[in-house]
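Worksheet: the structure to be examined is printed underneath.
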There are 2 protein chains.
Amino acid sequence: MSLDLSTSLSPARPLESADAMEERLREIGAARYHDRHPFHHMLHGGELTKGQVQAWALNRYYYQCTIPVKDAVVISRFRDRATRIEWRHRLEDHDGAEGAEGGIDRWLILTDGLGLDRAYVESTEGILPATRFAVEAYVHFVRDRSPLEAIASCLTELFAPNIHATRISGMLSHYDFINPTVMAYFQRRLTQAPRDADYALRYVRDHARTPEERAAVCNALIFKTQVLWTQLDALHHAYVLGHVPPGAFVPEEMR
Amino acid sequence: MSLDLSTSLSPARPLESADAMEERLREIGAARYHDRHPFHHMLHGGELTKGQVQAWALNRYYYQCTIPVKDAVVISRFRDRATRIEWRHRLEDHDGAEGAEGGIDRWLILTDGLGLDRAYVESTEGILPATRFAVEAYVHFVRDRSPLEAIASCLTELFAPNIHATRISGMLSHYDFINPTVMAYFQRRLTQAPRDADYALRYVRDHARTPEERAAVCNALIFKTQVLWTQLDALHHAYVLGHVPPGAFVPEEMR
């Protein structure tokens, strides 16, 4: 299948309806979502070493622990109480509560299971600078762009359930250091992500009322696919191709 | 020579004096400045194709055209008029003036000379997302950190003259598509960068008065070396190793 990679910041066809916009969003996902990235093919196909999987989990921890910060910024953009209430459960999904495990806890169960020191993971000291820059760009985006674009940037969740299902089965079958307990994060996201994606899709369909606003929604999704893709490019470069930048985590097998 | 790559965000020895801090800053430069990056070795040694040099110039244009934005933010951090006045010439160095060429003009002479369409370069549409994220992280840094850290983050200029001299002679001798006219940007920076670096070094020596402030200065320099290094990692991954992300510039020879 030949995919449209020319999807650009200024789409050629004006988006005259919510349906046209949704079609475009799904094209962007098909062409640019990080399920297409070679690093993920290696991760899910059992081609990575334990050290490379550690590097992935360590770096992605920074993304995970930033998500509630990002969501708090999204909430802060809305004077409309109903939208704030709707968005609020995302904070709880990720942060959990006193005595209730959240997404960040589940991610730490994964890094624990991979043998990474928890204090080191939480310090985020060993992550790739590219991870930090990409993830922080996401926070800045939801703060600096319109509230509509802030919501649109989470539309990658439309494409998440497939990749999570592939990841769970692929990683469980290929790696002896992976078991169902450490994959709890992804198991839980299988039900959380669709609910969140449905809301966001409905929101942008209802609130993007001009071709320009619909284009902005599509560009927000492109931006977000870049945030995700850039993180994998950096992991691939550092840990598959061996160009670890100064100061970043070095797996035992590369020392 | 074995270099200290462990230079971390929390230095082990407390920095008790301006001299100790300056020594540390020079160690950081020696270990982490992007003159050590393999992509630069290839660029200066004549090992890149014209398309790879185009990709470098195209991406680095985004850095160049963001510098005066960053400097305007730095100026905005100071209530102290003398510091604003001192910093102001940087805007002129980069932006030029009516009838007077600036650094951005000189960078466009380079991209023109490399055969890149000027409107395409100025649109920044084809740059790598990692370039955008790294460069914008620099703007956010000078806005969100202390004014002292904002100034400290430009201390990479301490190490720039060497790399510019190497670049001018290396590129002129190795590439038939490079001539002195297109290298005017670097020629001019040979005199501009040392003046700017001297001021910044004097400033941080005078204004970082505690070990904590001196550590913050060193960390600002580490941050900035990461901004530069990340850009080269991304270029290397995309254009030397052939993993161009969706939507980014593809040189003619790779099409």
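The values are calculated or read from the model by the stated rules, or taken from the named source; none is laboratory data. Remember, predicted model here, so these are calculated numbers, not experimental data. Every residue, glycine as well, gets a Cβ built from its backbone with ideal geometry; the counts of neighbours run over all protein chains shown.
Annotations for the structure displayed:
- Matching residues, the stretch B:74-107, being among the small types (Gly, Ala, Ser) and surrounded by fewer than 16 Cβ atoms within 10 Å (Cβ to Cβ): B:Ser76, B:Ala82, B:Ala97, B:Gly99, B:Ala100
- Residues (closer than 30 Å to A:His37 by Cα, more than 11 Å from chain A (Cβ to nearest Cβ) and at pLDDT 95 or above) located in the stretch B:197-255: B:Tyr239, B:Phe249, B:Pro251, B:Glu252
- As a summary of the residue check, B:Thr156 satisfies the conditions (1) free of Cβ contacts under 8 Å to residues at least 40 places away in the same chain; (2) within 14 Å of chain A (Cβ to nearest Cβ); (3) under 15 Å from the mean Cα position of the chain (by Cα) except for the one numbered (1).
- Among helices (runs of 4 or more DSSP H) entirely within the stretch A:11-94, having at least 1 residues that are without any contact (Cβ under 8 Å) to a residue 24 or more places away in the chain, under 21 Å from the mean Cα position of the chain (by Cα) and under 30 Å from A:Ser173 (Cα atoms) singles out A:38-44.
- Cβ-Cβ under 6 Å pairs, at least 6 apart or on other chains, the stretch A:191-213 side over 19 Å from A:Ser146 (Cβ atoms), far side in a helix (DSSP H, G or I): A:Gln192/A:Asp93; A:Ala193/A:Glu157; A:Ala193/A:Ala160; A:Ala193/A:Pro161; A:Pro194/A:Pro161; A:Asp196/A:Glu157; A:Ala197/A:Glu157; A:Ala197/A:Leu158
- Scanning the stretch A:139-153 for residues that are hydroxyl-bearing (Ser, Thr, Tyr) and within 14 Å of chain B (Cβ to nearest Cβ) yields one hit, A:Ser153.
- Count of the stretch B:1-25 residues which are surrounded by fewer than 13 Cβ atoms within 10 Å (Cβ to Cβ) and modelled with pLDDT of 95 or more: 4
- Selection within the stretch B:110-138: residues that are surrounded by fewer than 18 Cβ atoms within 10 Å (Cβ to Cβ) and outside any loop (DSSP other than H, G, I, E, B). The member of this set that is nearest to the other protein chains (Cβ to nearest Cβ) is B:Ser123.
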